[in-house]
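The structure under discussion appears below in the form of structure tokens.
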Amino acid sequence: MKITFDSNIWRKIATPQNFPKDSLRDIYFQINQAIISGKIEAYLSETIFILEAIKRIDRKYFF
């Protein structure tokens with residue numbers, strides 16, 4: 001299964017141990033393990049990197 005993760009979630013999926021207080025942490029670990037085992041092919045949209053390069057305060061002006 002191929003899944004594209006967006007900027008709101010990919011860090012939590014990649015490193016769930018860094019989010020110990022998140023109520024969905026166990027799910028993040030399950031998804032992370034599915035990626036490691038090859039059940040899921042994880043992708044990131046190029047848009048994530050474009051948007052992340054623009055400071056949040058400047059995004060309104062940019063768009």
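The sole residue among Phe49, Phe29 that is surrounded by 13 or more Cβ atoms within 10 Å (Cβ to Cβ) and either part of a loop (DSSP other than H, G, I, E, B) or within 13 Å of the chain's Cα centre (by Cα) (or both) is Phe29.
Pairing residues of the range 42-61 that are acidic (Asp, Glu) with residues that are open to solvent by less than 100 Å² (accessible area, probe 1.4 Å), at Cβ distances under 7 Å and at least 6 apart in sequence or on separate chains, gives Glu52/Ser7. State yes or no: is Arg59 in a helix (DSSP H, G or I) and surrounded by 11 or more Cβ atoms within 10 Å (Cβ to Cβ)? Judged against the criteria, Arg59 is not a match.
The values are calculated or read from the model by the stated rules, or taken from the named source; none is laboratory data. As the structure is a prediction and not an experimental result, all values here were calculated from the model. Quick reminder, even Gly has a Cβ in these numbers, built from the backbone with ideal geometry, and neighbours come from all protein chains shown. Side chains included, ligands, DNA and RNA excluded: accessible areas come from the protein's heavy atoms. Shrake-Rupley method; radii C 1.70, N 1.55, O 1.52, S 1.80 Å.
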